[in-house]
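What follows is a set of notes on a single structure, which appears directly below.
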Amino acid sequence: MQTPKPLLPDGARRTAAWCGVVLLVTGVAAVAVWLCVIFKTAVTPVLLALLGTALLGPVHRRLTARGMNRSLAAGLTCALLVAVVGGAGYIVVTALIDTGDQIVRSLKDAGQWIVDHFGVGRNIDVDDLAASTRKLFEKFGASAAGGLLTGISLIGSLIAAGVLALLLTFFFLRDSDKAVDLAHSIAPRGTGDLVEAMGRRAFEAVQGFMRGTTFIALIDAVCITVGLLILRVPGAVGLGALVLVGAYIPYLGAFISGTVAVLVALADRGVAIALWALGVVLAVQVLEGHVLQPMIQSRTVQMHPATIMIAITAGAGVAGVLGMLLAVPACAAAFGIISELRGRPPDRPPGRSGV
């Protein structure tokens with residue numbers, strides 16, 4: 001009996017199969033993102049707690065290695081998190097409040113200098129633009145005052161989310177030793193070791209990103225602040241605080257904070273000092289890209305800058321600023337899982353990977 005000839009050639013059938021896989025994966029991802037948006041009140045504290053756990057996990061492990069009770073170690077680690085985040089937040093907010101007016105005034109002067117020297121937007125009056133911006137803020141403030149209950153509700157939601165994230169961080173740190181058993185209990189039969197390996201690789205990627213980014217952000221902020229102080233650029237501490245915060249949004253945050261620093265130097269100290277400030281910013285970025293990142297994040301998942309920019313754009317579209325902050329760690333976790341799957345031969349049975 002003759003075998004019936006397939007209706008489609010082999011290449012077309014393979015293409016159709018791959019299209020089906022892509023559509024299935026895209027559909028599952030779209031549903032997952034939609035569910036995260038719908039349940040963002042619960043998902044956001046969980047994601048923040050995972051980031052906090054990834055950042056402070058080594059501290060908790062050192063405390064427990066010295067014989068400290070896991071609950072007490074988790075409590076001390078969370079207290080350290082509150083102290084560090086609260087202290088850093090106070091320093092950043094205070095610096096921005098103290099120098100915010102000066103920075104805004106310098107940006108306005110820089111805009112006027114650009115209009116005068118390059119003819120960009122010559123018909124635009126910077127004073128009128130500043131007045132319109134002030135009126136917009138006044139209108140926003142009036143609307144916010146009129147909707148005081150809404151503002152209080154928003155603040156209450158933020159506080160509740162922060163407290164919930166802190167409590168979840170405590171439980172994640174305390175019960176981290178039970179994560180392996182949980183992975184094996186929820187995984188389909190025979191895939192527990194594979195799920196455990198993927199979870200370890202994803203968490204290590206997020207952990208490496210958080211620790212490396214925090215360390216690099218501190219170095220960038222200190223170097224740029226010192227450079228701006230040497231150049232006697234006004235608002236140097238506030239600009240350094242802006243660099244520290246912006247470092248958690250790769251590439252885009254550094255570009256925005258660096259541009260603001262150069263414009264402030266241009267407005268208050270002239271073209272020569274602005275060029276020196278640009279040199280300081282570029283030198284720090286070169287140091288970060290060619291020395292710090294290869295040394296600090298060499299063991300984590302390396303992502304192409306285009307991938308990071310796409311992830312940031314997608315995160316901003318889904319959840320605004322918070323999405324921009326969470327997009328890169330989520331992408332790092334996904335790349336960690338993919339690297340684990342690619343490094344596992346198809347004929348090898350699932351087993352412990354040792355990561």
- Note on the structure: the stretch 217-321: helices (runs of 4 or more DSSP H) wholly inside it with 2 or more residues that are among the β-branched types (Val, Ile, Thr) are 236-246, 252-269, 271-287
- Task: Filter the stretch 148-186 down to the residues that are open to solvent by less than 50 Å² (accessible area, probe 1.4 Å) and more than 23 Å from Thr77 (Cα to Cα), then identify the one that is modelled with the highest pLDDT.
- Result: Ala183
- Looking at Ala241, Ala202, Ala221, which is the one that is under 15 Å from Ala283 (Cβ atoms) and surrounded by 22 or more Cβ atoms within 10 Å (Cβ to Cβ)? Ala221
- Looking at the stretch 61-77, which of its residues are surrounded by 20 or more Cβ atoms within 10 Å (Cβ to Cβ) and within 28 Å of Ser157 (Cβ to Cβ)? Ala74, Thr77
- Of Ala261, Ala283, Ala314, Ala330, the only residue that is open to solvent by less than 30 Å² (accessible area, probe 1.4 Å) and modelled with pLDDT of 80 or more is Ala261
- Item | Residues that are in contact (Cβ under 8 Å) with a residue 60 or more places away in the chain and open to solvent by 60 Å² or more (accessible area, probe 1.4 Å), drawn from the stretch 205-218 | Arg211, Phe215
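The values are calculated or read from the model by the stated rules, or taken from the named source; none is laboratory data. Here the structure is a predicted model, which is why all the values come from computation and not from measurement. Quick reminder, even Gly has a Cβ in these numbers, built from the backbone with ideal geometry, and neighbours come from all protein chains shown. Heavy atoms of the whole protein, side chains included, go into the accessibility calculation; ligands, DNA and RNA do not. Shrake-Rupley method; radii C 1.70, N 1.55, O 1.52, S 1.80 Å.
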